[in-house]
Amino acid sequence: MSFGARVLKTGIAVTLALYLSSLFLNPQSPVPAAIAAIFAMQPSIYRSWKYFLDQLQTTTLGAIVALVGGMVLSNEPIAVGLIIVLVIMICLKLNMGETVGLTLVTVVSIMEASGDWHFALNRFLLTLVGIVSAFLINITVFPPKPKVQFVKQIHSVFSGMSLLLRTSISDEIKEVVFREEKSNLGGSIKSLSDKYNLFEEEQKKMKRSKFSETRQMVVYKQMLLSLQKGYEVLDSVERHYFQAPRTTAMDQFFDSHLELVIKFHEHALLKFEDKLKPNGEEAAQFVLDNDRFMEQAITQFDIDKEGMLRLSIVAAAIYDYGYQLERLNRLAEHVHSASEDKESQDKILNWLKWP
């Protein structure tokens, strides 16, 4: 794990939880508050709020069950085990499995007192202090913005992927370096996918989505899918391309079209930043080139010849990558045409409002 905002916020939340516990509850050991703060730190505002509500319910329920269990069964190990099983079953039944860990810590600490409700209340309040501390720190100190992080990371991930794609067929990059960079790229794309899931969840659960926000989600999803398809090309090249007998002409055929696809991907991303002039001919020509590439891969290669099926797999992966890029490009043009229409409407409205 690299040092980041969440690491720093966890430390601040633990500090705040310990300070508040010592200030208001004066416990002999404020450790439960610190443990609760560690568990409660979440990667998004929505998940922080959801965790807060769910944990409040399960901790209250667990504290009551533990208090009753301690009074009836004492704090014998077998009694603690039975209560733990019961609390886990209840949490799973309520679809609150994510909060089980901290709830069980509370249950064990309360049963330690064998039904002493003063001690149970103190431990319950310590847990709540930790949860509230983590929630407050998470929404006030560097609040998580997965959407902003996603957009920034898209370009850096594409930059690393384009280097690998440009050197994959030509075999210019060292094999050890290629595999290491490819592994890092896979991790980065997984991170992008996680961020997308976070802000998609946040948008759906916390507020009603506007049409413009829904359209943005479609764009971001296609950006992610395009990168995933590019990664699949790298995967197919590594698995199949060099295992098949090839000629220099075949290498040039694949390499030249892959260069064209990468360039089109770069242009599509630049269109979202409004850095390129409108060029409908480029997109139309790319569609023709991508179709022609696949047709030649099917018709000109001798399928009966050894290794041709492997090359067909690579060709299909490149074609699919190009197809998804064409969809991404259409989305870019649609977004900008919609924004231009909105600007025109705003200018007309401003003119009408002018006295």
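The values are calculated or read from the model by the stated rules, or taken from the named source; none is laboratory data. Since we're looking at a predicted model, the values are computed, not measured. In this analysis, Cβ positions are derived from the backbone assuming ideal geometry, glycine residues included, and neighbour counts consider all displayed protein chains. Areas reflect the complete protein model, heavy atoms only, side chains present, ligands, DNA and RNA absent. Shrake-Rupley method; radii C 1.70, N 1.55, O 1.52, S 1.80 Å.
Summary of computed values
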| read-out | value |
| --- | --- |
| Residue match in the stretch 123-145 (condition: without any contact (Cβ under 8 Å) to a residue 12 or more places away in the chain, open to solvent by 60 Å² or more (accessible area, probe 1.4 Å) and over 16 Å from Val7 (Cα atoms)) | no |
| Failed item in (1) in a helix (DSSP H, G or I); (2) closer than 30 Å to Asp194 by Cβ, with Leu86 passing the rest | (2) |
| Considering residues of the stretch 176-226 that are acidic (Asp, Glu) and modelled with pLDDT of 85 or more only, the residue nearest to the chain's Cα centre (by Cα) | Asp194 |
| Restricting the stretch 17-28 to residues that are in contact with a helix residue (DSSP H, G or I) (Cβ under 7 Å, 6 or more places away or on another chain) and either at pLDDT below 80 or buried (at least 21 other Cβ atoms within 10 Å of the Cβ) (or both), the residue that is farthest from Thr140 (Cα to Cα) | Pro27 |
| Single condition Leu67 does not satisfy, out of (1) within 19 Å of Ala134 (Cα to Cα); (2) over 27 Å from the mean Cα position of the chain (by Cα); (3) in a helix (DSSP H, G or I) | (1) |
| Complete set of residues in the stretch 263-279 that are touching a residue at least 12 places away in the same chain (Cβ under 8 Å) and not in a loop (DSSP other than H, G, I, E, B) | Phe264, His265, Glu266, His267, Ala268, Leu269, Lys271, Phe272 |
| Index of the failed condition, Val176 passing every other in (1) farther than 30 Å from Leu234 by Cβ; (2) surrounded by fewer than 19 Cβ atoms within 10 Å (Cβ to Cβ) | (1) |
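Condition check ((1) open to solvent by 90 Å² or more (accessible area, probe 1.4 Å); (2) of a type in the set (S, T, N, Q)) across all residues:
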site: Pro30; (1), (2): no, no
site: Ala33; (1), (2): no, no
site: Ser48; (1), (2): no, yes
site: Leu61; (1), (2): no, no
site: Ile64; (1), (2): yes, no
site: Val68; (1), (2): no, no
site: Pro77; (1), (2): yes, no
site: Lys93; (1), (2): yes, no
site: Val100; (1), (2): no, no
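Conditions tested, residue by residue: (1) open to solvent by less than 50 Å² (accessible area, probe 1.4 Å); (2) within 23 Å of Asp171 (Cβ to Cβ); (3) not charged (D, E, K, R).
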residue: Met217; (1), (2), (3): yes, no, yes
residue: Ser226; (1), (2), (3): yes, no, yes
residue: Gly230; (1), (2), (3): yes, yes, yes
residue: Val237; (1), (2), (3): yes, yes, yes
residue: Gln252; (1), (2), (3): no, yes, yes
residue: Ser256; (1), (2), (3): no, yes, yes
residue: Glu259; (1), (2), (3): no, yes, no
residue: Gln285; (1), (2), (3): no, no, yes
